[in-house]
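Working notes, structure below.
The values are calculated or read from the model by the stated rules, or taken from the named source; none is laboratory data. Computed from a prediction, not measured in an experiment: that's the story for all the values here. Neighbour counts are summed over all protein chains in view; Cβ atoms, including those assigned to glycine, are modelled from backbone coordinates with ideal geometry.
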Amino acid sequence: MKKLLLGSFVAGIALFFWGFIYYGLSGIPYQTLATPADTAPSALKANFPAHGTYIIPSPTAVEMPDLQVEGPVAMVHIRPDGVENPMSMMGTGFVHGWIYCLLLGLLLQKICKKSGYGERVMFVTQVGLAGAFVSRFGDAIWWWQSWNWQIANFAYSVIGAAIAGAILAKFIKSPVTRSDAARSNKSQVSSNKIPE
């Protein structure tokens, strides 16, 4: 448990800095976004007065299929009064990343009994890839979000999973060595031989 907590904590720190590099320094994902009109903030406040998520057209509208075809369609996540303390988001974001790495570590413990370092890294990466695929591309398909934006976020999530996997695999090691596994396999083969 100690190695799991320490490994997931270190991986969470690495994931946090990867997010800072990808979103904060590189600016790559923001290149996929369109630029709104200068009047957008005041229009948003006038039409979306309360904090929350809005779908246009409304899913409860009787004529929704026609309105979807006619357009516009949008999902608006808004805080009309802004964010009181942006730094608190950093703390919450780190805890979120740490829990994500902890969950990946718990999964890794279940499958690492006869696996090498590379196999453990690949397992965590594939779990992250599957999660990113279903969530990011699902948002693009079902909630009309930009494919470019979601592809950029997909890339971040998969690379982040690989970084977390590379660290977790160092802390969560196989309790069975390769020589032990080879001996075990050899004994299984011997026991499966049909007596003459």
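Kindly check whether there is at least one residue in segment 106-114 that is free of Cβ contacts under 8 Å to residues at least 12 places away in the same chain, out of contact with any strand residue (DSSP E or B) (no Cβ under 6 Å at 6 or more places or on another chain) and within 29 Å of residue 159 (Cα to Cα). Steps first, please.
The first filter runs over segment 106-114 and keeps only residues free of Cβ contacts under 8 Å to residues at least 12 places away in the same chain, leaving 110.
Narrowing further to those that are out of contact with any strand residue (DSSP E or B) (no Cβ under 6 Å at 6 or more places or on another chain): 110.
Next, only the ones that are within 29 Å of residue 159 (Cα to Cα) stay: 110.
The answer is yes, given that some residue of segment 106-114 is free of Cβ contacts under 8 Å to residues at least 12 places away in the same chain, out of contact with any strand residue (DSSP E or B) (no Cβ under 6 Å at 6 or more places or on another chain) and within 29 Å of residue 159 (Cα to Cα).
Here are some residues: 4, 44. Which one is outside any loop (DSSP other than H, G, I, E, B), surrounded by 14 or more Cβ atoms within 10 Å (Cβ to Cβ), in contact with a helix residue (DSSP H, G or I) (Cβ under 7 Å, 6 or more places away or on another chain) and in contact (Cβ under 8 Å) with a residue 12 or more places away in the chain?
4
Quick one: residue 84 ticks every box in (1) more than 21 Å from the chain's Cα centre (by Cα); (2) over 26 Å from residue 46 (Cβ atoms); (3) of a type in the set (D, E, K, R) bar one, so which box is it?
(2) is the only condition that residue 84 fails.
Consider only pairs whose beta carbons are under 7 Å apart and that are at least six residues apart or on different chains; among these, list those whose first residue lies in segment 17-33 and is under 14 Å from residue 152 (Cα atoms) and whose second residue is not in a helix (DSSP H, G or I).
22/28; 32/146
Filter segment 70-91 down to the residues that are exposed (fewer than 10 other Cβ atoms within 10 Å of the Cβ) and in a helix (DSSP H, G or I) and list them by number.
86, 87 - these are the residues of segment 70-91 that are exposed (fewer than 10 other Cβ atoms within 10 Å of the Cβ) and in a helix (DSSP H, G or I).
Do the conditions hold for residue 89, that is, is it modelled with pLDDT under 85, of a type in the set (A, V, I, L, M) and within 30 Å of residue 46 (Cβ to Cβ)?
yes
Residues of segment 17-31 being assigned to a helix (DSSP H, G or I) and either closer than 14 Å to residue 165 by Cα or not aromatic (Phe, Trp, Tyr) (or both), which ones?
18, 19, 21, 24, 25, 26, 29, 31, listed by residue number.
For residue 149, state whether it is farther than 24 Å from residue 115 by Cα, touching a residue at least 40 places away in the same chain (Cβ under 8 Å) and out of contact with any helix residue (DSSP H, G or I) (no Cβ under 8 Å at 6 or more places or on another chain).
no
I'm told residue 59 meets every condition in (1) surrounded by 10 or more Cβ atoms within 10 Å (Cβ to Cβ); (2) over 25 Å from the mean Cα position of the chain (by Cα) except one. Can you identify the failing condition by its number?
The number of the failed condition is (1).
Name every residue in segment 113-141 that is aliphatic (A, V, I, L, M), surrounded by fewer than 20 Cβ atoms within 10 Å (Cβ to Cβ) and either modelled with pLDDT of 90 or more or not in a helix (DSSP H, G or I) (or both), in order of residue number.
122, 127, 129, 130 - these are the residues of segment 113-141 that are aliphatic (A, V, I, L, M), surrounded by fewer than 20 Cβ atoms within 10 Å (Cβ to Cβ) and either modelled with pLDDT of 90 or more or not in a helix (DSSP H, G or I) (or both).
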